[in-house]
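Here's the structure we're looking at; comments come further down.
The values are calculated or read from the model by the stated rules, or taken from the named source; none is laboratory data. Because the structure is a prediction, the values reported are computed rather than measured. Every residue, glycine among them, receives a Cβ derived from its backbone with ideal geometry; neighbour counts consider all protein chains shown. Quick note on the areas: whole protein, heavy atoms, side chains included, nothing else; ligands and nucleic acids left out. Shrake-Rupley method; radii C 1.70, N 1.55, O 1.52, S 1.80 Å.
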Amino acid sequence: MSQLLKAKVTTHRQISSGYYLLEFSGAELAETARPGQFVHVKCSRTTDPLLRRPVSIHDVNKDRGTVRLLYRVAGRGTELLSVKEPGERLDVMGPLGNGFQLPDPGEKVAVVAGGIGVAPLFFLLRQVAAAGNDVKVFVGARSCRDLLAVDDIKGLGVEIQLATDDGSAGHRGPVTELLARGLKNIDRIYTCGPAAMMKAVAGLAREYNIPTQVSLEERMGCGVGACLACTCKIKTPGGSSYKRVCADGPVFNAQEVAWE
């Protein structure tokens, strides 16, 4: 069940140019949150900007009652969020949306992240690794400056491969090229990142008949499914329809999405 709270910022730091990691206290939210869900954050003390900003839940610590958000400054709202200091109060609504379906015991999993798409995947990775599933992680970005949470992922003891567009770290080229080489015996795929990357992952998954879940990003208004501002096109037996990313997602079956 979602809640509205004035959470205390416990830590907040810039981890790379334009990227920030914020932690806030919220015991009940930390207890109920599931990988793939998000929170809706009010970034200003005033009505400018009016709308909240959706931010993926990056990780939780149930023992400490804290929630972490990994985000990129992409506009006025997140720019205002980036100057919040420890001790300040943060107006948060959540957890919201439908998260990932966890793999069955013994399933071999591939997790594919592109840029800030790693944000909702780390929480998932930690749970999957703790459950003992065999995990391969593929992280891609424009350059080494945009590779996020790599050391934290390595700390989970899972296999990780990197790709950058400019070749500044790991494989030079799309991360999907690495994925295509590593699909042997994979039972399930999870992915989040640029739409073109997720479309390519969905294509590979269809070719190899691997169940795949994608976490979509859309601009949101209310965050609870009332305003219909964040719809995405979905395939149906008779053609297509639309679903709400905030309430029906943000996680969808990759083959359900009508990739444009």
Within the stretch 210-226, considering residues that are β-branched (V, I, T) and at pLDDT 95 or above, the one nearest to the chain's Cα centre (by Cα): V214
Every residue from the stretch 159-185 that is modelled with pLDDT of 95 or more, closer than 21 Å to R126 by Cβ and open to solvent by 20 Å² or more (accessible area, probe 1.4 Å): I160, Q161, L162
Cβ pairs under 7 Å, 6+ apart, first in the stretch 57-68 and more than 15 Å from L90 (Cβ to Cβ), second part of a strand (DSSP E or B) and among the acidic types (D, E): none
Residue list for the stretch 74-104, restricted to those being over 18 Å from G36 (Cβ atoms), touching a strand residue (DSSP E or B) at 6+ places or on another chain (Cβ under 6 Å) and in a loop (DSSP other than H, G, I, E, B): S82, K84, P86, E88
Among the candidates M220, M197, residue that is in contact with a Pro (Cβ under 8 Å, 6 or more places away or on another chain) and either farther than 22 Å from V150 by Cα or free of Cβ contacts under 8 Å to residues at least 24 places away in the same chain (or both): M220
Count of residues meeting criterion [assigned to a helix (DSSP H, G or I) and open to solvent by 20 Å² or more (accessible area, probe 1.4 Å)] in the stretch 28-41: 3
Residues of the stretch 130-141 that turn out to be touching a strand residue (DSSP E or B) at 6+ places or on another chain (Cβ under 7 Å) and open to solvent by 30 Å² or more (accessible area, probe 1.4 Å), as a count: 2
Test: residue in the stretch 1-16 that is modelled with pLDDT of 95 or more, small (G, A, S), within 19 Å of the chain's Cα centre (by Cα) and outside any strand (DSSP E or B): no
Residue list for the stretch 42-73, restricted to those being part of a loop (DSSP other than H, G, I, E, B), surrounded by fewer than 22 Cβ atoms within 10 Å (Cβ to Cβ) and at pLDDT 95 or above: K62, D63, R64, G65, V73
